[in-house]
Amino acid sequence: MPKNLVIVESPAKAKTITRYLGRDFTVKASMGHVRDLPKKSLGVEIENGFSPQYEVLATRKKVLDEIKRAAREASSIYLAADPDREGEAICWHLAQELTARERKKVKRVAFNEITKRAVEQAFRNAGKLDMRKIDAQQARRILDRLVGYRVSPILWVKVRRGLSAGRVQSVALRLICDRELQIRAFVAEEYWTIAAQLAAGEPPVFGANLVKKNGRNIEIDNAEQASLVQAELKEASYVVGKVFRRERRRNPIPPFITSKLQQEAFKKLRFTVKKTMQVAQRLYEGVEIGPEGSVGLITYMRTDSTRVSDEAIGQVRAHIASTYGADHLPEKPNLYKSRKDAQEAHEAIRPTDLSLAPEAVKKRLSKDELALYRLVWDRFIASQMRPAVFDETVAEIAAGPYLLRARGSALKFPGFLAVYSESVEEKPGARGSGDEGGEETEPEATKTTLPPLAEGDSLRLEKLAADQHFTQPPPRFSEASLVKELEENGIGRPSTYASIIATIEAREYMEKREAKLFPTELGFLVTDLLVKHFQDIMNVEYTAAMEQELDEIEEGHDTLPNTLNQFWTKFKADLDRAKAEMKDVKAMEEKTDEICDKCGSPMVLKWGRYGKFLACSAYPTCKNTRQMAGGDGPETIETHEDVSKEVCPKDGRPMILKKGRYGPFLACVGYPECKSTKRLVRGADGKLQVETLPPLDESCPECGTPLVWRRGRFGLFAACGSYPACKYIKKKEPVDIGVLCPECNQGQIVERKGRWGRSFYGCRRYPDCTFTSPYRPVPEPCPQCGRAFLLEKETRKEGKVRFCGNPECRFSRPVK
């Protein structure tokens with residue numbers, strides 16, 4: 001009897017669904033898209049109504065052949081890819097590869113969570129492919145192809161090969177570059193704040209900030225003004241004025257949408273956007289949790305809707321009442337508004353089954369999976385709880401012509417804060433007095449308690465402090481804050497943010513330093529060229545408007561040909577103009593005041609593989625080059641002043657800044673006769689400085705030359721300073737780990753390095769004792785087989801564990 005064929009994207013999803021469908025269904029995975037536009041050509045017939053020319057991906061031919069064979073025998077074909085535009089497009093491409101007879105058997109099923117109830121309900125309500133959703137996806141794909149395959153070749157010709165431009169990627173890069181320019185143009189302003197420590201009739205001593213003088217907000221610009229104000233306040237009498245008491249509520253926050261999950265996972269877990277989506281994908285598609293088999297733990301993770309099903313709300317309300325008490329449960333479910341353009345067919349990201357608490361499944365999840373699942377779990381539970389309630393007191397204190405303000409807050413009822421508290425958002429430091437009387441934004445944990453205060457009470461001054469501050473520039477983007485910026489500006493979709501950031505980094509347009517995004521010299525150059533010649537596609541508002549047009553296609557208010565025609569008319573004119581007028585950076589030579597230190601000819605500014613550099617104008621007779629140092633423009637490298645004073649340790653000649661495949665470094669001006677170099681590292685202020693290593697008070701045992709530190713592929717090592725004349729390398733002494741060898745019971749176990757730089761453990765008596773282990777031995781006998789020692793390892797999935805090395809004994813336990 002022919003079986004029903006079900007096609008999903010991934011093997012993990014196929015494995016989970018198979019458990020719910022029974023013997024009458026065969027589930028196969030397409031491994032994602034099976035067709036796409038060709039890589040080696042545009043693949044879009046512009047003159048033929050922008051007709052796309054799809055081809056089967058080479059890596060999917062074998063999979064597609066298996067699906068076709070199964071389709072011929074199947075009684076019904078269910079396409080069950082993800083419930084978004086990309087999923088709909090995957091289903092459509094699969095259907096297009098089937099015969100006309102087979103396409104009559106095709107049905108579309110979509111579910112927001114991979115649970116037995118959701119899957120069975122989806123199959124009972126199987127429908128047809130949504131062509132409007134497919135057209136919206138095709139429009140996006142064609143737009144991206146037109147921009148990428150028409151603009152990128154211009155950059156190849158004008159700048160260098162391998163560069164790329166993208167409809168959304170280039171706008172995101174512009175945001176990063178614009179923020180960097182704002183930071184560099186920022187001029188810090190000095191200001192001072194004054195705070196008093198005051199005592200009332202009862203403890204505790206409390207703090208109050210100076211806010212006004214003679215009824216006007218006070219601004220203190222320098223130390224002199226601060227000293228004058230301090231002197232007057234020390235002589236003043238402090239009297240309580242008005243006292244305001246109120247009950248303040250802090251409302252819970254909605255369950256996660258994709259962008260908010262990416263932001264919170266970055267702030268709380270330090271996950272990159274890409275890592276967050278990879279871990280969420282695994283939790284959605286299914287995780288083995290024991291006898292139950294593979295279970296999808298969260299709902300679909302690509303969503304911009306905060307909607308939650310009635311069934312899920314009923315479950316979470318029951319969970320809150322039983323776990324936290326009826327006083328934490330609101331009378332009615334909390335409802336949240338989604339963005340205007342949100343796809344309400346999806347739900348928010350939430351747990352699929354509230355009987356599978358994080359603690360119940362933690363042994364079956366990797367460390368990353370558990371952390372993200374707990375984040376989703378806590379946020380969802382908190383979203384349906386009562387608000388937190390604070391008792392807040394604000395007291396105004398008169399001190400002659402001055403007014404100080406003290407604020408106290410105490411948690412009266414935790415509400416949703418018993419489960420979850422959102423990360424505090426990073427904000428630039430603004431000029432202020434420390435208390436402007438507006439809504440308090442500091443974390444609740446930092447609030448103080450005030451003693452009983454009444455109008456007219458006299459207070460005693462315990463301490464008066466004046467603090468100097470400087471206004472701060474806007475912070476550089478992190479991945480999380482860039483996602484927030486893209487979302488707020490309506491650029492891209494939740495499913496595209498991870499790939500956008502990955503592409504910008506892969507093209508070397510930006511680099512990450514301590515989780516912050518820094519545009520590179522190349523990023524600035526490409527952005528400047530594109531902004532000048534493609535004002536539309538580099539415009540934030542225009543890109544956001546294009547996203548709205550794609551939504552209108554999906555909603556049936558616009559058509560694919562109309563959207564593409566409107567875009568192409570203006571874009572084609574910009575393309576032709578850019579080909580003719582864009583500056584040819586490859587051929588660029590700008591005159592400078594620098595003089596070649598080798599031949600005395602003027603130096604010119606050129607662009608090379610690693611950015612702008614200075615080159616001798618007498619090339620090819622003189623091939624001298626050097627990097628530009630100092631300054632704060634996008635074309636220079638910020639270095640400490642000492643870098644320019646460095647001299648070659650071999651011949652005493654100056655050293656100049658150069659840039660190679662691993663970044664900037666110092667090289668002797670005597671190159672190629674002298675090949676001495678010095679490594680540069682970033683200091684605490686972000687500027688480059690020469691790497692300093694501790695001196696070696698040792699001489700080479702072979703030639704007597706002092707030993708020096710050198711850096712190789714496996715890190716630092718000590719070698720003769722007269723290399724290459726003497727090639728002596730000092731061998732590292734193996735490190736004792738404090739464990740006696742379990743085989744010979746004589747030598748100590750030491751940590752060694754193998755040929756390829758990997759650590760392993762062996763007996764110090766080698767070769768008399770040949771004991772070795774890739775895992776760290778621990779002097780703890782195995783409780784099952786009695787072996788004299790255990791081994792310790794750490795994996796991403798299990799964390800740190802100790803286990804028995806006896807192949808016949810399977811003892812293992814986690815290390816707390």
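The values are calculated or read from the model by the stated rules, or taken from the named source; none is laboratory data. What you are looking at is a predicted structure, and each value in this text was computed from that prediction instead of being measured. For neighbour counting, all protein chains shown are included, and Cβ atoms are generated from backbone atoms with ideal geometry for every residue, glycine included. Quick note on the areas: whole protein, heavy atoms, side chains included, nothing else; ligands and nucleic acids left out. Shrake-Rupley method; radii C 1.70, N 1.55, O 1.52, S 1.80 Å.
Using Cβ point charges alone (K and R +1, D and E -1), the dipole size of segment 214-363 about the Cα centre works out to roughly 120 debye. Over the C-alpha trace of segment 712-816, radius of gyration and Dmax come out as 17.2, 58 angstrom. The Cα atoms of segment 472-536 define a convex hull whose projected area, averaged across directions, is 5.3 nm². Semi-axes of the equivalent ellipsoid of segment 247-294 are 28, 17, 9 Å, computed as sqrt(5λ) over the eigenvalues of the C-alpha gyration tensor in descending order. A Cβ-based charge dipole, computed about the Cα centre of segment 528-626 with Lys and Arg at +1 and Asp and Glu at -1, lands at about 1240 debye.
Over segment 388-427, the pair-distance histogram of Cα-Cα distances with 10 Å bins from zero comes to 23, 30, 30, 14, 3 percent, rounded to whole numbers.
At full extension, Met31 and Thr59 could sit 9.1 nm farther apart than now, given 0.36 nm per residue minus the alpha carbon distance. Give me the percent of the accessible area of segment 650-794 that comes from carbon and sulfur atoms, probe 1.4 Å, all protein chains in place. Carbon plus sulfur share of accessible area: 50 percent.
Look at the alpha carbon pairs under 8 Å that are at least 6 residues apart: their mean separation over the length of the chain gives a relative contact order of 11 percent. Among Phe771, Tyr336, Ser355, whose Cα lies farthest out toward the positive end of the dipole of the chain, if unit charges sit on the beta carbon of Lys, Arg (+1) and Asp, Glu (-1)? The one lying farthest along the dipole's positive direction is Phe771. Length, then width, then depth: along the principal axes, the Cα atoms of segment 140-195 run 60, 27, 12 Å.
Alpha-carbon geometry of the chain: the Rg and the Dmax are 33.1, 98 Å, given in that order. The Kirkwood radius of segment 249-354, taken over pairs of alpha-carbon atoms, gives through the Stokes-Einstein law at 25 °C and 0.890 mPa s a diffusion coefficient of 161 µm² s⁻¹.
Which residue, chosen from Gly325, Gly456, Tyr671, occupies the Cα position most advanced towards the positive end of the dipole of the chain, where the dipole is computed from +1 (Lys, Arg) and -1 (Asp, Glu) charges on Cβ about the Cα centre? Farthest along the dipole direction, towards plus: Tyr671.
At a probe radius of 1.4 angstrom, the accessible area of the chain per residue rounds to 52 square angstrom. Beyond 18 Å, the tail of the calculated P(r) for segment 306-396 holds 54 percent of the Cα pairs.
Size descriptors for segment 466-609: radius of gyration and Dmax over Cα atoms are 20.9, 70 Å. The residue among Leu163, Gly215, Leu175 whose Cα reaches farthest toward the positive pole of the charge dipole of segment 128-256, with charges on the beta-carbon of Lys, Arg, Asp and Glu, is Leu163.
Charge dipole of the chain (Cα centre as origin; +1 on each Lys and Arg Cβ, -1 on each Asp and Glu Cβ, all else neutral): 3780 debye, rounded to the nearest 20. For a straight C-alpha distance cut-off of 22 angstrom, the lysines reachable from Lys678 (same-chain residues fewer than eight places away being disregarded) are Lys598, Lys612, Lys623, Lys645, Lys650, Lys658, Lys659, Lys687, Lys727, Lys730. Once both labels are positioned 7 Å from their Cα atoms along Cα-to-Cβ, the gap between Glu691 and Glu47 label points is 5.8 nm.
For Asn806 and Lys274, FRET efficiency with R0 = 41 Å and r from the beta-carbon atoms, rounded to 0.05? According to the calculation, E is roughly 0.55.
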